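**Student:** To start, I am sharing the structure in question, which I have written as structure tokens.
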Amino acid sequence: LEVNGLKKYFPISKGGRKGSVKAVDDVSLNVYEGETLGIVGESGCGKSTVGRLILRLLDPTAGTIRFNGLEIGAMSQRQLRKYRKDLQCVFQDPFASLNPRMSVGEAIAEPMIVQEGKSRTEALQRAEELLEKVGLNRRVQRLYPHEFSGGQRQRIAIARAISLRPKLLVADEAVSALDVSIQAQIVNLLGELQQESHMSYVFISHNLSVVRHISDRVAVMYLGRIVETAEKEALFGEPKHPYTRALLSSVPEPDVNFRRERIVLRGEVPNAADPPPGCPFHPRCPHAESRCAIETPAFREVGPGHYASCHLI
Ligand code: SF4
Ligand code: MG
């Protein structure tokens, strides 16, 4: 997946004046086969909007998304149907994504009937196999979503999402509503499924520990932009951007001998309808210089495969 210059501006009007919320502002990223790209950032940074744009649940204001070399804006109906099959999603609330009046077997079978033209019997048969694959008993297929725990429902949502053998799965806060021990189980399940099928993941979360565990590469978003991206080891080991450093300083390190100094940022995240000029992080940056308020730093390579946008790097 190749995303270039992606923008999503939501029009607003305030006191008769028209403006826009720049939810996503010039985002470029790649996701390679079989890898997991983690997207992190605080709530409202635009990471979910990026996920929704990739899934075509939203139309971009500008920019291109290519999948296997084909631009999705230029796809034929047939290619789009294939794209919708190849890209699946798992969201935070598994209960909301499952129809309460459908047995879980039917819920998992449905996409295979609708999108692949499988017969009901065949699809239900495959749903049983999928339930087993995600660690549930085949016999639970007759039960309804309310009869399961949150973790089990997320397993069901995953079974449904992988039923069409997607190439890429977008997981948006997919484990955030679950207990920590269940989060680990679901993350491990996603890892096993990836090993088997070479699916790619875009794993969107505000939870840095989970992202660190699951990702190969990580992109950090702030105010609609990616401010830093690198291989996981480089990003967590040698974060370059002042925002990334502040964000990481708030999570406990797994290695007790390694301690990061806690960096507390001043102020709040600015309103995306009125982002600061220059470097969007400058009002809160502990290292800001005068030019930071005027010149927007370029997003450039600061180490092998490591990109960041800051004048001081
Ligand atoms: Fe901070 Fe300036 Fe770097 Fe922006 S460009 S992150 S304000 S030092
Ligand atoms: Mg979100």
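**Student:** In percent, how large is the relative contact order of the range 229-313, given Cα pairs closer than 8 Å and 6 or more residues apart?
**Tutor:** Values: 91 pairs, mean separation 25.6, N = 85.
That works out to 30 percent.
**Student:** About its Cα centre, how strong a charge dipole does the range 68-142 have in debye, to the nearest 20, once Lys and Arg get +1 and Asp and Glu get -1 at the Cβ? Before the final figure, lay out each step's value.
**Tutor:** Details: 13 positive and 10 negative charges, 38 e Å.
The dipole of the range 68-142 has a size of about 180 debye.
**Student:** If the cut-off is 23 Å between C-alpha atoms, which lysines fall inside it for Lys82, apart from same-chain ones fewer than 8 positions away?
**Tutor:** Cα-Cα hits under 23 Å: Lys118, Lys167.
**Student:** Using θ = phi - 60° and the Karplus curve 6.51 cos²θ - 1.76 cosθ + 1.60, what whole-Hz ³J(HN,Hα) does each residue of the range 190-206 get, with Gly and Pro shown as x?
**Tutor:** 4, x, 5, 4, 5, 4, 5, 10, 6, 4, 9, 10, 10, 10, 9, 6, 8
**Student:** Multiplying the sequence separation of Ile313 and Val180 by 0.36 nm and subtracting their Cα-Cα distance, what value in nm do you get? Kindly include the intermediate steps, with their values, before the conclusion.
**Tutor:** On the way: separation 133, 0.36 × 133 = 47.88 nm, distance 3.58 nm.
Taking 0.36 nm per residue and subtracting the Cα distance, the gain is 44.3 nm.
**Student:** Kirkwood Rh, Cα Rg: Rg to Rh for the range 197-264? List each step's numbers first, then the result.
**Tutor:** Numbers: Rg = 12.3 Å, Rh = 12.7 Å.
Rg/Rh: 0.96.
**Student:** Per-residue HN-Hα couplings for the range 99-106, Karplus 6.51 cos²θ - 1.76 cosθ + 1.60 at θ = phi - 60°, whole Hz, x for Gly and Pro?
**Tutor:** Ordered by residue, 3J(HN,Hα) equals 5, x, 9, 10, 5, 5, x, 5 Hz.
**Student:** Now for a separate question. Using θ = phi - 60° and the Karplus form 6.51 cos²θ - 1.76 cosθ + 1.60, what ³J(HN,Hα) does each residue of the range 287-292 get, whole Hz, x for Gly and Pro?
**Tutor:** Karplus values, whole Hz, x for Gly and Pro: 10, 4, 10, 4, 5, 4.
**Student:** Now for a separate question. For Asp25, which sequence-distant residues (separation of 5 or more, or a different chain) have an amide H within less than 5 Å of its own amide H, given hydrogens modelled in the peptide plane?
**Tutor:** Here Lys8, Arg225 satisfy the definition.
**Student:** Let me ask another. Could you check the spin-label model distance between Arg165 and Arg291? Points 7 Å from the Cα along Cα→Cβ, value in nm.
**Tutor:** 5.4 nm
**Student:** Relative contact order of the range 41-97: what whole-number percent is it, with Cα pairs under 8 angstrom and at least 6 residues apart?
**Tutor:** On the way: 20 pairs, mean separation 12.7, N = 57.
For the range 41-97, the relative contact order is 22 percent.
**Student:** With +1 on the Cβ of every Lys and Arg and -1 on the Cβ of every Asp and Glu, and nothing else charged, how large is the dipole of the chain about its Cα centre, in debye rounded to the nearest 20?
**Tutor:** Numbers: 41 positive and 36 negative charges, 186 e Å.
Its charge dipole is roughly 900 debye.
**Student:** What's the center-to-center distance, using Cα atoms, between the range 1-52 and the range 68-138 in Å?
**Tutor:** What the calculation gives is 25 Å, centre to centre.
**Student:** Now for a separate question. For Glu116 paired with Thr64, estimate the spin-label separation in nm (one decimal), with each label point 7 Å from Cα along the Cα-to-Cβ line.
**Tutor:** 3.2 nm
**Student:** Next question. Run the quick spin-label model on His206 and Gln77: label points 7 Å from Cα toward the beta carbon, then report their separation in nm to one decimal.
**Tutor:** Distance between label points: 4.2 nm.
**Student:** Right, another one. Could you tell me what a quarter of the Cα convex hull surface of the chain works out to, in nm² with one decimal place?
**Tutor:** Working: hull surface 73.3 nm².
Mean projected area of the Cα convex hull: 18.3 nm².
**Student:** Another question about this same structure. Between Lys14 and Lys85, what length comes free when the chain is fully extended (0.36 nm per residue of separation minus the Cα-Cα distance, one decimal in nm)?
**Tutor:** Details: separation 71, 0.36 × 71 = 25.56 nm, distance 3.95 nm.
My answer for the length gained is 21.6 nm.
**Student:** Moving on to the next point. If amide H atoms are built 1.01 Å from N in the plane of the peptide, which residues on other chains or at least 5 residues away come under 5 Å of the amide H of Glu35?
**Tutor:** Residues meeting the criterion, in which the H sits 1.01 Å from N, are Tyr201.
**Student:** Tell me the mean residue ellipticity at 222 nm calculated for the chain from its helices only (DSSP H runs of n ≥ 4, each -39500 (n - 2.57), averaged over every residue, nearest 500). Please list the in-between numbers first.
**Tutor:** Details: 10 runs with 101 residues, N = 313.
Taking each H run of at least 4 residues, the total per residue is -9500 deg cm²/dmol.
**Student:** Positive end of the dipole of the range 53-133, charges at C-beta (+1 Lys, Arg; -1 Asp, Glu), about the Cα centre: which of Gln125, Ala62, Ala109 has its Cα farthest in that direction?
**Tutor:** Of the candidates, Ala62 comes out farthest on the positive side.
**Student:** Charges at C-beta only: +1 for Lys and Arg, -1 for Asp and Glu. How large is the resulting dipole of the range 149-224 about its Cα centre, in Debye rounded to 20? List each step's numbers first, then the result.
**Tutor:** On the way: 7 positive and 6 negative charges, 37 e Å.
It works out to roughly 180 debye.
**Student:** Another question about this same structure. Take every Cα pair under 8 Å in the range 119-203 that's 6+ residues apart, average their separations, divide by the length, and report that relative contact order as a whole percent. Before the final figure, lay out each step's value.
**Tutor:** Working: 63 pairs, mean separation 23.9, N = 85.
For the range 119-203, the relative contact order is 28 percent.
**Student:** As an exercise, use a Förster radius of 45 Å and the Cβ-Cβ distance of Arg138 and Asn30 to find the FRET efficiency, rounded to the nearest 0.05.
**Tutor:** On the way: r = 38 Å, r/R0 = 0.85.
So the FRET efficiency works out to roughly 0.75.
**Student:** Let me ask something additional. Which Cα, out of Ala219, Ile294, Val264, lies furthest along the positive dipole direction of the range 217-313 (beta carbon charges, K/R +1, D/E -1)?
**Tutor:** Val264
We did not get these values from a lab; they are worked out from the coordinates using the rules stated. Not measured: the values here are computed from a predicted model. Counting neighbours? That spans all protein chains shown, and the Cβs are built from the backbone with ideal geometry, glycine included.
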